[in-house]
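So the structure is just underneath, and the comments pick up after that.
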Amino acid sequence: MTEGANPLSFIYHIHPKIVTLKIPIELALEFELELYPSLSCSMQVLRLLLLAFLLTACFSCNESQEASTDTPPKISVADHPNVLILYTDDQRYNTIHALNNPDIHTPNLDRLVNMGVAFTRAHTMGGMHGALCVPSRAMLMTGHSLFDLRSNGDYIPQEHVMMPPHLAAAGYKTFGTGKWHNGKKSYARAFQEGDNIYFGGMHFPKDGGHEAPWLHHFDETGKYPKAEGFSGEKFSSEMFADATIDFLGRQKEQDQPFCAYVSFSSPHDPRTPPAEFAAMYPPDSIPLPPNFLPEHPFDNGELKVRDEQLLPRPLTEKAVKEELAAYYGMISEVDAQIGRILDALEENGQLQNTLIVFAGDNGLAVGSHGLLGKQSLYEHSVRVPLILAGPGIPQGEQRDALVYLTDIFPTVCEISKTELPKGLYGKSLLPIMQDPKAETRSTIYYAYRFLMRGLRTVDDWKLLAYHHKGTLRHQLFNLNDDPFETNNLAGNPRFADQLTRLQDLMSETSISHKDPVDLDSPTWGKGPMEMPTEVEHLAVGKKVTLKQPFSAKYPGIGPNGLIDGVLCISNFREDCWHAYEGEDLEAVIDLGQSTRISSISSSYYREIGSWIFFPLQVEYALSSDGKNFSVVGRVKNEAPTDEDTKGRKDMTLTMKAQQARYVRVRAKSQGTCPDWHSGAGGKAWLFVDEIVVK
């Protein structure tokens, strides 16, 4: 390099990574020039180059193993067993024939039960938004607790070591197929190979449903643009099983162990089992769950979430039986695909040296307690199946230890003889598999949004707490006598001491888990209850016309709710919010006569975890005849990011006063969730409240 050349450019060519240290490098250059003015430019560049490499080394020391560029060691499957993780979507704990459900047909999951150890009290920890599969999968991948996740698991940050790349750094070949709900960037870091990959929460019928799912081949760039996807030619579970079987075939002659993650999107709705599996379950033959109710006994704060809109209320026995029949059909179909994978392992000679982990990401109500979805803390929603089979694991045994899905990562590390990453919340299950009397957890803690908290003890007492609209209530269940949670003992004086014991335990556990909710506060630390605000303006009580009606799921109180003079609170489940799913808003207000107008505002809500985004742009226009409109201004929003907080926003246009009778508001929806979002490609929601004209 000649004197006068750009030292930063020189360093960039020598070590491109240093470009990430722009500010420290620039500061260092100023520092050197100030203390060593007599040095030539070449010498200063050399000193800067040395400093840059030292800084790079320091930064590299702090990087996770998954970001390491070091060549992984060569290891043998003879010493390090293969790892196969089979993960289903919305499958609750009591949906396996061999585990006390005679009404369902699951011969291959029964086979796994006989091959290994089934954990009968396995749980997910809950979540902070309605898409509970997101945090569940993030906790599986990272071994972290719910409260350690970033953005509820919608994406997994670089500093959270994930299981597949951690095993890859130890010498494993990694492969992924099926559903991924934690961001494309995270997926790009997670696997070395993959195929038939689905990014999103569910197979919307408009995108082909389970019958023709929209999938991606593995993309080494990690970008996965939607336009480069393809429509699967088989049922979703079969597509994922096919990709897995192909991978296993390529690995059968290899000495390198593998980690394969097979993430099924079934039995999540739409529940449309293929005909042969649907025929197994005539609805009339399906018994109702013992805790069936037409409606939930009180407002838990989540009765209007999408899952609860799948059937009209009150629920009927006929409708629930039909839903259960479809649910069981979906489970039997995915069971058949699991059987194909197990058969391939056996035919390839890989079965004996493969650790197999089967689990469901969360449960589902399907009529229990008057609910349909998973957005509660009852057993049917937080308790999941978990089976482990493979080298060194007892066969045909069960364990009733209290365990989490977060325990899978450290268990895999111990069995695969891989170093355990630091800071994991989960605990290895190998000791309890080897010794049923080994010490385990004494409690399990659950959380759902800022509405519900739960605690289960090792002696099978369970406390649920709810805080909604300023009301605090409790449910206390003795699961020993009441496994379906039908007899609430919280108000029974005989159990006052038991209630106090569990309340104290729940509070202690909440603090130890760094739960943001303050259970010792009557308000749970939420602050004063937010109330709707009245606002006077020119459009109150006038006539409003919509180009297209609101979504039937969130119609609010109808079009007139946009000009009722009430600003809604920051909770989209309130009736004062009105919504469109993937569509734009166009509303025209007739003020009745020509009126002097100097400002127009409209209110919107954002909660990205619930797929609700601010509009990209709001356009305001005025007219004297209701036909010919002149645009008077547009208000734009910045593109959404994964760090956006939830809340409401007034998009206001202030202008020079003009006369007009009609006001038109057009709000451009996000349309679909962006690529970085866990629901990438799914319809984004647009929630609107008051249009204020002054």
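Spot the failing condition for Ile557; the list is (1) assigned to a strand (DSSP E or B); (2) surrounded by fewer than 20 Cβ atoms within 10 Å (Cβ to Cβ), and only one is missed.
All conditions pass for Ile557, except number (1).
Would a scan of region 157-175 turn up a residue that is under 27 Å from Pro274 (Cβ atoms) and of a type outside the set (Phe, Trp, Tyr)? First the steps, then the outcome.
Step one: list which residues in region 157-175 are under 27 Å from Pro274 (Cβ atoms), which gives 175.
Retained after the next criterion (residues that are of a type outside the set (Phe, Trp, Tyr)): none.
Among the residues of region 157-175, not one is under 27 Å from Pro274 (Cβ atoms) and of a type outside the set (Phe, Trp, Tyr), which makes the answer no.
Within region 634-656, is even one residue open to solvent by 20 Å² or more (accessible area, probe 1.4 Å), closer than 30 Å to Met202 by Cα and aliphatic (A, V, I, L, M)?
Yes, region 634-656 has at least one match.
Restricting to region 539-554, name every residue that is in a loop (DSSP other than H, G, I, E, B) and among the hydrophobic types (A, V, I, L, M, F, W, C).
Across region 539-554, the qualifying residues are Ala539, Val540, Phe550, Ala552.
Taking region 430-447 as the region of interest, how many residues are part of a loop (DSSP other than H, G, I, E, B), hydrophobic (A, V, I, L, M, F, W, C) and buried (at least 16 other Cβ atoms within 10 Å of the Cβ)? Write out each step before concluding.
Step one: of region 430-447, the residues part of a loop (DSSP other than H, G, I, E, B) are 435-442.
With the extra rule that they be hydrophobic (A, V, I, L, M, F, W, C), the set shrinks to 438.
Restricting the remaining residues to those that are buried (at least 16 other Cβ atoms within 10 Å of the Cβ) gives none.
Adding up the residues that qualify gives 0.
Report yes if Val262 is outside any helix (DSSP H, G or I), at positive phi and among the hydrophobic types (A, V, I, L, M, F, W, C), otherwise no.
Values: outside any helix (DSSP H, G or I): yes; at positive phi: no; among the hydrophobic types (A, V, I, L, M, F, W, C): yes.
For Val262, the condition - outside any helix (DSSP H, G or I), at positive phi and among the hydrophobic types (A, V, I, L, M, F, W, C) - is not met.
Pick from Glu485, Glu536: which is loosely packed, with under 14 Cβ neighbours inside 10 Å and part of a loop (DSSP other than H, G, I, E, B)?
Glu536
Just the residues that are over 15 Å from Gln498 (Cα atoms) and in contact (Cβ under 8 Å) with a residue 24 or more places away in the chain, please, taken from region 465-485.
Those that are over 15 Å from Gln498 (Cα atoms) and in contact (Cβ under 8 Å) with a residue 24 or more places away in the chain: Tyr466, His467, His468, Lys469, Gly470, Leu472, Arg473, Pro483, Phe484, Glu485.
If you go through region 454-474 one residue at a time, how many are hydroxyl-bearing (Ser, Thr, Tyr) and more than 27 Å from the chain's Cα centre (by Cα)?
So the answer is 1.
Go through region 327-372 and give me each residue that's closer than 22 Å to Met239 by Cβ, outside any loop (DSSP other than H, G, I, E, B) and open to solvent by 20 Å² or more (accessible area, probe 1.4 Å).
Residues satisfying the conditions are Ala336, Arg340, Asp343, Glu346, Glu347.
For Asp590, state whether it is outside any loop (DSSP other than H, G, I, E, B) and of a type in the set (Asp, Glu).
When the stated conditions are applied, Asp590 passes them.
Taking region 294-326 as the region of interest, how many residues are open to solvent by 30 Å² or more (accessible area, probe 1.4 Å) and assigned to a helix (DSSP H, G or I)?
So the count comes out to 7.
Of the conditions (1) farther than 19 Å from Ala660 by Cβ; (2) more than 30 Å from the chain's Cα centre (by Cα), Val588 fails just one. Which one is it?
For Val588, the exception is condition (1).
Can you confirm whether region 569-583 contains a residue that is modelled with pLDDT of 90 or more and more than 15 Å from Arg606 (Cα to Cα)?
Among the residues of region 569-583, at least one is modelled with pLDDT of 90 or more and more than 15 Å from Arg606 (Cα to Cα), which makes the answer yes.
Return the residue satisfying two criteria in turn: it lies in region 560-572 and is in contact (Cβ under 8 Å) with a residue 24 or more places away in the chain and open to solvent by 20 Å² or more (accessible area, probe 1.4 Å), and of such residues it is farthest from His468 (Cα to Cα).
For region 560-572, the residue satisfying everything is Asp564.
Scan the helices (runs of 4 or more DSSP H) fully inside region 140-255 and keep the ones with 3 or more residues being open to solvent by 40 Å² or more (accessible area, probe 1.4 Å).
184-190, 236-251
Could you please tell me which pairs satisfy a Cβ distance under 8 Å, a separation of 6+ or placement on different chains, a first residue in region 443-464 that is over 23 Å from Gly130 (Cβ atoms) and modelled with pLDDT of 95 or more, and a second residue that is open to solvent by less than 10 Å² (accessible area, probe 1.4 Å) and of a type in the set (S, T, N, Q)?
Listed pairs, sorted by first residue: Thr443/Thr457.
Look through Leu505, Leu519 and report the one residue that is open to solvent by 20 Å² or more (accessible area, probe 1.4 Å), in contact (Cβ under 8 Å) with a residue 60 or more places away in the chain, more than 30 Å from Ser669 (Cβ to Cβ) and in a helix (DSSP H, G or I).
Step by step, each of Leu505, Leu519 is checked, and only Leu505 is open to solvent by 20 Å² or more (accessible area, probe 1.4 Å), in contact (Cβ under 8 Å) with a residue 60 or more places away in the chain, more than 30 Å from Ser669 (Cβ to Cβ) and in a helix (DSSP H, G or I).
Residue by residue, here is whether (1) more than 21 Å from the chain's Cα centre (by Cα); (2) farther than 24 Å from Tyr172 by Cα; (3) among the basic types (Lys, Arg) holds:
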{"residue": "Pro391", "(1), (2), (3)": "yes, no, no"}
{"residue": "Asp400", "(1), (2), (3)": "yes, yes, no"}
{"residue": "Lys422", "(1), (2), (3)": "yes, no, yes"}
{"residue": "Leu429", "(1), (2), (3)": "yes, no, no"}
{"residue": "Thr443", "(1), (2), (3)": "yes, yes, no"}
{"residue": "Tyr448", "(1), (2), (3)": "no, yes, no"}
{"residue": "Met452", "(1), (2), (3)": "no, yes, no"}
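The values are calculated or read from the model by the stated rules, or taken from the named source; none is laboratory data. Just so you know, these numbers come straight off a predicted model, no measurement behind them. Neighbour counts are summed over all protein chains in view; Cβ atoms, including those assigned to glycine, are modelled from backbone coordinates with ideal geometry. Ligands, DNA and RNA are excluded from the accessible area calculation, which covers all protein heavy atoms including side chains. Shrake-Rupley method; radii C 1.70, N 1.55, O 1.52, S 1.80 Å.
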